[in-house]
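J.: A single structure is presented below for examination.
Taken together, the values in this text are just the output of simple stated rules run on the coordinates, not laboratory data. What you are looking at is a predicted structure, and each value in this text was computed from that prediction instead of being measured.
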C-alpha cells in the first residue's frame, strides 16, 4: 500500500509551514493588511521559552490588549 500523500495545505513539514506563511503574507499584502513588526518581534522572542500553545495564545492576547489594538 502506498503512503498517503498529505497536501501542502495540511502538512506539518517545516518547508510546507513556511510556504503557507509566505502565502499568508502575500495575501495580506494584496488585501492591504500591514504586518505588525512589534508583535512579530514579541512572538519570535517568546518562541524559545517552552510555552504551551495555550500560554502563547494568552500572552499574544494580553499583548494585544495592552497595546490597545482591540
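J.: Expressed as an acute angle from 0 to 90° and rounded to the nearest 10, what is the orientation of the C-alpha long axis of helix 53-67 relative to the principal long axis of the chain?
T.: Approximately 40 degrees, to the nearest 10.
J.: So, one more: Angle check, please: helix 14-31 long axis (alpha carbons) against the longest principal axis of the chain (alpha carbons), in degrees 0 to 90, nearest 10.
T.: Compared with the principal axis, the helix lies near 60 degrees.
J.: Could you work out how far helix 37-46 tilts from the main Cα principal axis of the chain, as a 0 to 90 degree angle to the nearest 10?
T.: Long axis of 37-46 versus the principal axis of the chain: about 70 degrees.
J.: Considering the values [x] 1.24; [y] 1.07; [z] 1.00, which represents Rg/Rh (Cα atoms, Kirkwood Rh) as calculated for the structure under consideration?
T.: [y]
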